[in-house]
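Single-structure report; data block below.
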Amino acid sequence: MPQTMNISLDQEKELKEKQIMQQHQLFNVHFSHRHPLELSEIHEEDKAVCSGCELDTLGSAYICTKPNCNFLLHDLCFDLPRHIRHPSHPKHSLKLLFSPPYSDSEFTCDACAKSGHGFTYHCAACKFDLHVECASLPEFEERDDHQHPLVLLYGDTDKMEGPDFVCYVCGGSVWKGRWSYCCLACKCGAHLECVCSPLCG
Ligand SMILES: [Zn+2]
Ligand SMILES: [Zn+2]
Ligand SMILES: [Zn+2]
Ligand SMILES: [Zn+2]
Ligand SMILES: [Zn+2]
Ligand SMILES: [Zn+2]
């Protein structure tokens, strides 16, 4: 009789340990946040904004396990590399910072010229910053409203002749020092935000 009790106690202990191990596997610590995160599913009604890229979040995301802490990361933002080389800034590698290194806690993205308050791919020597979503813009975009693929230009004035040009999508002017999607054959182009859906809205 005591023997069977021992066995069942041992089994219970083992089961508990297993459960704790599984729980630990679910918890994830990210360098950008001091609390452990948990992989979870975000639904539209949650109206959640990623703390890394500041964009709306749907689907799988890592959310903070502490109550009243609103920190969360897209699964993609969770897995971002700490250092990248980007063709727009060939001189130096860029380091992923989890908050802007400037005194006003804000950076201006060198790609889209908009401000950011979350993650930035940063070059300290040049004070160069990219939103994480701008750093991952595709080099080519195929669009239904243009017969040729558009190529991403990093404010590369040599490739497009003439002064600033007009965005063929919205009709607004595109400053050539800024990133844009262009057709080199037709010498036309468009704003980043007029081409790329993740930047829209
Ligand atoms: Zn994100
Ligand atoms: Zn937290
Ligand atoms: Zn940007
Ligand atoms: Zn640099
Ligand atoms: Zn436009
Ligand atoms: Zn074209």
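Apolar share of the accessible surface for the chain: 52 percent from carbon plus sulfur atoms, 1.4 Å probe.
The residue among PRO67, SER8, PRO100 whose Cα reaches farthest toward the positive pole of the charge dipole of the chain, with charges on the beta-carbon of Lys, Arg, Asp and Glu, is PRO100.
Work out the P(r) tail for segment 32-145: percent of alpha carbon pairs separated by more than 18 Å, whole number.
On the way: 3444 of 6441 pairs.
The share of Cα pairs beyond 18 Å in segment 32-145 comes to 53 percent.
Helical runs (DSSP H, four residues minimum) scored at -39500 (n - 2.57) apiece and divided by the length of the chain put the mean residue ellipticity at 222 nm at -5500 deg cm²/dmol. Extension gain for ARG178 to ASP145 (0.36 nm times residue separation, less C-alpha to C-alpha distance): 9.7 nm. Consider a paramagnetic label point 7 Å from the Cα of PHE31 along Cα→Cβ; state which residues of segment 84-128 have an amide N under 15 Å from it. It comes to 84-85, 93-101, 119-124, nothing else. Total lysine pairs in segment 48-201 at Cα distances under 23 Å, for residues eight or more apart or on different chains: 12.
Backbone N atoms of segment 35-49 closer than 18 Å to the 7 Å Cα→Cβ label point of CYS69 belong to residues 35-41, 49. Computed from backbone phi with θ = phi - 60° and the Karplus coefficients 6.51, -1.76 and 1.60, the 3J(HN,Hα) list for segment 85-95 is 10, 10, x, 6, 9, x, 5, 9, 7, 10, 10 Hz; x is used for glycine and proline.
In this label model, ARG85 and GLU41 are separated by 4.1 nm, measuring between points 7 Å along each Cα→Cβ vector.
Taking Cβ atoms as reference points and 10 Å as the exclusive limit, the residues near ASP110 contribute a net charge of +1, counting Lys and Arg as +1 and Asp and Glu as -1. Comparing GLY155, GLY52, GLY118 in a Gaussian network model of the chain, where Cα atoms under 10 Å apart are tied by springs, the biggest mean-square fluctuation is seen for GLY155.
Along each principal axis, taking the top coordinate minus the bottom one, the Cα set of the chain gives 92, 39, 29 Å in descending order.
Work out the length of the dipole vector of the chain about its Cα centre, built from +1 on the beta-carbon of each Lys and Arg and -1 on the beta-carbon of each Asp and Glu, and round it to the nearest 20 debye. Could you put the intermediate results ahead of the total?
Working: 17 positive and 28 negative charges, 153 e Å.
With Lys and Arg at +1 and Asp and Glu at -1, about 740 debye.
The values are calculated or read from the model by the stated rules, or taken from the named source; none is laboratory data. As the structure is a computational prediction, the values presented were derived from the model and not from experiment. Positions of Cβ are backbone-derived with ideal geometry, glycine not excepted, and every protein chain shown enters the neighbour counts. Just so you know, the surface numbers come from the protein's heavy atoms only, side chains and all, with ligands and any DNA or RNA stripped out. Shrake-Rupley method; radii C 1.70, N 1.55, O 1.52, S 1.80 Å.
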